[in-house]
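K.L.:
Before we start, here is the structure in question, set down as structure tokens.
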Amino acid sequence: VGLPSGIAHVRANLPISPETAPAYAFLATILRDAGETARNLDLLKLASEAVPGSSSYALNCFHAFELVGDYEGGFAFVKKFLKEQGGKSKLAGQVYDLIKGQASVYGKEEAGASALSSARVVYVKGEPVTVRGHVVVDGQDLGDLPRAGVTPGREKYTPETLDLMAIFFTLVKVLYHCGNISVLPDIVKVVEPARLRSLEEVHTTTVRNENAYFMCISQLLAVRPGPAVNPQALLGADDAPTKKPVYVCGDSHALSPAWKEVGGRLLVPKLVTGLKHWHLREESVFYPKKSFHRTVAEIPKGADVLFIFGEIDCREGLLVAVEKDRYEDLEEGMKTCVDIWMKEAGKVVEERGFRAMIHPVIPVLNETRKIVMNYNRIFKRAVAEHPSMVWLDIFDDFVELRGGNEGGTG
């Protein structure tokens with residue numbers, strides 16, 4: 001299937017139809033995991049065309065557009081899907097109405113500034129509506145929503161409905177990443193009440209990852225000052241401070257500093273979803289590695305680049321690898337992952353002429369904080385030996401040691 005004529009052969013032997021769409025989606029997954037992200041997209045387009053009302057195929061197709069970096073194509077695809085679903089889903093119609101006037105994923109205007117929505121986003125931590133926190137836009141009244149832990153008034157969402165919600169979540173992610181922030185508060189305003197009506201806390205469902213991005217960006221909107229301008233517009237502006245941005249290349253943690261100005265330099269996100277240091281090993285063909293190389297190739301040569309990776313290794317990779325006896329202990333695993341990163345990223349930095357700034361792995365979770373602290377110790381030492389990398393020595397600002405607690409607290 002990965003050959004130039006491969007998909008034509010598949011279509012000749014397996015005509016696309018609603019009955020064969022699952023086979024196309026299955027083949028797409030295999031190709032994605034082998035790094036064939038373009039072919040993955042081709043097959044998912046066919047599956048989605050065969051079952052045009054399927055939120056599941058549409059969601060996976062949207063993610064496939066992300067993997068090849070075609071945000072414009074993905075945005076156009078989702079606009080068309082939501083327009084077609086508007087007659088079946090009130091929420092889909094509402095979201096479509098909010099984005100139908102957007103000529104581009106990067107905003108209505110290619111030049112000049114677009115005013116941010118005047119809607120004010122406020123983050124509410126924890127109860128009464130949900131135990132995990134929620135956001136309120138423009139003081140909207142959520143009084144009709146059931147209290148946390150109360151079943152009546154909540155809805156058991158089907159897998160298709162959850163996938164539709166995930167399309168909304170991913171739309172928010174893509175628009176934020178592309179700097180088209182002006183429409184986001186209004187999208188959050190219509191989507192958040194539906195998210196809160198779920199009988200299951202959405203972070204425990206099959207769309208937990210998409211939900212995490214949605215909540216992260218909703219909270220970023222809550223702390224972002226406004227009104228301002230769509231930051232993407234600043235990249236083409238004449239004012240000197242934004243002519244040379246700092247590119248923030250990272251996993252989901254790249255979104256937190258995104259579109260802020262530091263010392264007159266705009267921080268422009270270059271997201272590589274789900275990348276571990278481990279994925280960059282020489283023999284790997286897994287799609288995050290391909291996404292990493294595609295993403296860094298989009299950054300101008302000679303640019304200043306802030307890299308933020310490694311947290312996923314510390315959170316879910318290292319302990320499992322040690323349990324499987326891949327390493328004798330955590331120390332060996334950490335050194336191996338750091339060496340993988342330094343070898344592959346080092347080549348990229350040299351070839352592209354980047355001035356590379358390395359952000360310490362972020363100590364997000366109490367459970368993995370000690371691992372992160374030890375990982376950073378090894379990581380910092382390796383970066384110090386590289387002539388084109390600079391370690392940002394700011395980790396101590398993220399932790400507070402109390403009472404001899406070597407793991408620290410956030």
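K.L.:
Express in nm, to one decimal, how much length is gained between Leu319 and Arg120 on full extension, taking 0.36 nm for each residue of separation and deducting their alpha carbon distance.
P.N.:
Stretched fully, the Leu319-Arg120 segment lengthens by 67.5 nm.
K.L.:
If I model a spin label at Glu49 and Ala384 as a point 7 Å from the Cα along the Cα→Cβ vector, what separation in nanometres do I get?
P.N.:
5.7 nm
K.L.:
Can you put Phe286, Phe26, Phe395 in order of accessible area, largest first, using a 1.4 Å probe?
P.N.:
The residues order as Phe26, Phe286, Phe395, largest area first.
K.L.:
Now, a different point. For Ser89, enumerate residues with amide H under 5 Å from its amide H, sequence gap 5+ or separate chain, H modeled in the peptide plane.
P.N.:
Counting only residues 5 or more places away or on other chains, the set is empty.
K.L.:
Moving to a separate point now. According to a simple spin-label model (label point 7 Å from Cα along Cα-to-Cβ), what is the distance in nm between Asp393 and Thr20?
P.N.:
With each label point 7 Å from Cα toward Cβ, the separation is 6.3 nm.
K.L.:
Residue-wise, which Karplus ³J(HN,Hα) couplings in Hz belong to segment 44-56, taking 6.51 cos²θ - 1.76 cosθ + 1.60, θ = phi - 60°, and x for glycine or proline?
P.N.:
Values per residue, Gly and Pro as x: 5, 4, 5, 5, 5, 5, 6, 10, x, x, 7, 5, 5 Hz.
K.L.:
Now a separate question. Among Lys100/Lys270; Lys189/Lys289; Lys244/Lys380; Lys260/Lys289; Lys83/Lys276; Lys189/Lys276, which pairs are too far apart, with a Cα-Cα distance over 29 Å?
P.N.:
Correct reply: Lys189/Lys289; Lys83/Lys276; Lys189/Lys276.
K.L.:
While we're here: How many nm separate the modelled label positions at His293 and Ile30, each set 7 Å beyond the Cα in the direction of the Cβ?
P.N.:
About 2.3 nm separates the two model spin labels.
K.L.:
On the accessible surface of segment 1-53, probed at 1.4 Å, how many percent belong to carbon and sulfur atoms?
P.N.:
63 percent
K.L.:
May I pose another question? As an exercise, use a Förster radius of 41 Å and the Cβ-Cβ distance of Glu160 and Val364 to find the FRET efficiency, rounded to the nearest 0.05.
P.N.:
Given R0 = 41 Å and the Cβ-Cβ separation, E is 0.80.
K.L.:
Still on this structure: List, in order, the whole-Hz ³J(HN,Hα) value for each residue of segment 198-203 obtained from phi through the Karplus relation with A = 6.51, B = -1.76, C = 1.60 and θ = phi - 60°; use x for Gly and Pro.
P.N.:
Each residue's phi maps through the Karplus curve to give 4, 4, 8, 4, 4, 5 Hz.
K.L.:
Another question about this same structure. Amide H neighbours of Leu266 under 5 Å, at least 5 residues apart or on other chains, H built in the peptide plane: list them.
P.N.:
Val246
K.L.:
Using 0.36 nm times the number of residues separating Asp304 and Glu72, minus their current alpha carbon distance, what extension gain do you get?
P.N.:
My answer for the length gained is 81.0 nm.
K.L.:
List the residues whose amide H sits under 5 Å from the amide H of Leu306, counting only those 5 or more places along or on another chain, with H placed 1.01 Å from N in the peptide plane.
P.N.:
Result for Leu306 returns Tyr247, Val248, Cys249, Met357.
K.L.:
Estimate the FRET efficiency between His203 and Glu84 by the formula 1/(1 + (r/R0)^6), using the beta-carbon distance for r and 45 Å for R0, to the nearest 0.05.
P.N.:
0.95
The values are calculated or read from the model by the stated rules, or taken from the named source; none is laboratory data. In this text the structure is predicted, and so the values were computed from the model without any measurement. When we count neighbours, we look across all protein chains shown, and the Cβ atoms used for this are built from the backbone with ideal geometry, even at glycine. When the accessible area is computed, the model is the full protein with side chains, heavy atoms only, and any ligands, DNA or RNA have been set aside. Shrake-Rupley method; radii C 1.70, N 1.55, O 1.52, S 1.80 Å.
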